[in-house]
Amino acid sequence: MSRPDRASAPLHRPTHVLVLGGTTEGRALAVALDGRPGLRVTSSLAGRVARPRLPVGEVRIGGFGGPEGLADWLRTEAVDAVVDATHPFAAGMSHNAALAAAATGVPLLVLRRPGFAPVAGDRWHLVPSLTAAAELLPGLGRRVFLSSGRQGIAAFADLDGLHFLARSVDPPEPPLPPSLQVLLDRGPFTLDGERALLREHRIDVVVTKDSGGAATAPKLTAARELGLPVVVVERPPVPAGLPVAPDVAGAVSWLERSA
Ligand code: NAP
């Protein structure tokens, strides 16, 4: 007997999956689940980015109104599984999802890509927060490449002795460091491009969150090649007790196992 095609195999349960997105993985999961018979998939975005890359299928945009608002939404929309595919640093949303899942009894999976892994030659300084990164920076260099996202730039606003090149999807808002050049761009980025960027701007130290993912990893390779120190902000922990999948295949298989 031939095996059913996994990609088109129906999920018996759940019948409505909420994907908390805003990431490459969130969009890829929406693609992987798209068109499965009897399955409704809603992708949710925070609405932070002016022109977001929209997932396929049904999309809602904007906050739910805290954990209670999310719990209400899960009940009203008869959601029977949630995948938290938010960015590893979207700790507020992940916390809310854990509370809403506990309150409603809806199963919740965290889809979290692995973090960056150091290799020989890396000069990484691990810090617990952007504030700690700002404290460390003056001892490491004067021309800083900040790739920690638009919302993180404020943590460096008081560093008036340093020059910052900050890359973000949308323009950052004050408070901002006095010497700042903003580069509006979004990944994926190439190794050649990152090398050229670090050289052209005479960068001597890089700051990144431990976001993980192939789209933004080339800056770490380029920094290693150029012998530059990198300040890596460690991830907040995943809410305790939740199942975690490292990739889309793991999330699909978790959803299939709940059949
Ligand atoms: P956050 O601080 O964890 O969340 C703050 C609030 O934004 C949440 O309480 C929720 O509002 C709303 N929210 C966040 N993600 C949402 C989603 N997927 N759908 C609906 N509402 C959402 O989040 P953040 O760090 O600002 O990130 C916002 C979004 O950008 C996330 O979806 C994340 O995946 C994406 N992103 C974040 C980063 C990063 O570095 N933080 C990087 C790339 C992409 P309510 O309480 O009103 O529900």
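Every number in this text was worked out from the coordinates using simple rules, so none of it is lab data. Everything quoted here is computed from the prediction, not taken from an experiment. Counting neighbours? That spans all protein chains shown, and the Cβs are built from the backbone with ideal geometry, glycine included.
Inside the range 187-208, residues that are in contact (Cβ under 8 Å) with a residue 40 or more places away in the chain and of a type outside the set (Val, Ile, Thr) make up a count of 5. Among the residues making up the range 92-115, those that are in contact with a strand residue (DSSP E or B) (Cβ under 7 Å, 6 or more places away or on another chain) and either more than 13 Å from the ligand (Cβ to nearest atom) or more than 18 Å from ARG257 (Cα to Cα) (or both) are MET93, SER94, ALA97, ALA98, ALA101, VAL106, PRO107, LEU108, LEU109, ARG112.
Restricting attention to the range 86-116 and to residues that are more than 16 Å from the chain's Cα centre (by Cα) and assigned to a loop (DSSP other than H, G, I, E, B), the residue that is surrounded by the most Cβ atoms within 10 Å (Cβ to Cβ) turns out to be VAL106.
Residue check: is VAL119 under 21 Å from the mean Cα position of the chain (by Cα), aliphatic (A, V, I, L, M) and either within 16 Å of the ligand (Cβ to nearest atom) or in a loop (DSSP other than H, G, I, E, B) (or both)? Spelling it out, it is not the case that VAL119 is under 21 Å from the mean Cα position of the chain (by Cα), aliphatic (A, V, I, L, M) and either within 16 Å of the ligand (Cβ to nearest atom) or in a loop (DSSP other than H, G, I, E, B) (or both). Of the helices (runs of 4 or more DSSP H) lying entirely inside the range 147-259, those containing at least 1 residues that are among the β-branched types (Val, Ile, Thr) are 218-226, 248-257. Considering each of VAL49, VAL19, VAL79, VAL83 in turn, give the residue that is in contact (Cβ under 8 Å) with a residue 40 or more places away in the chain, closer than 30 Å to PRO171 by Cα and assigned to a loop (DSSP other than H, G, I, E, B). After ruling out the rest, the residue left standing is VAL49. Name every residue in the range 168-207 that is touching a Phe, Trp or Tyr at 6+ places or on another chain (Cβ under 8 Å) and either charged (D, E, K, R) or surrounded by 19 or more Cβ atoms within 10 Å (Cβ to Cβ) (or both), in order of residue number. Selection gives PRO177, LEU197, LEU198, ILE203, VAL205, VAL206, VAL207.
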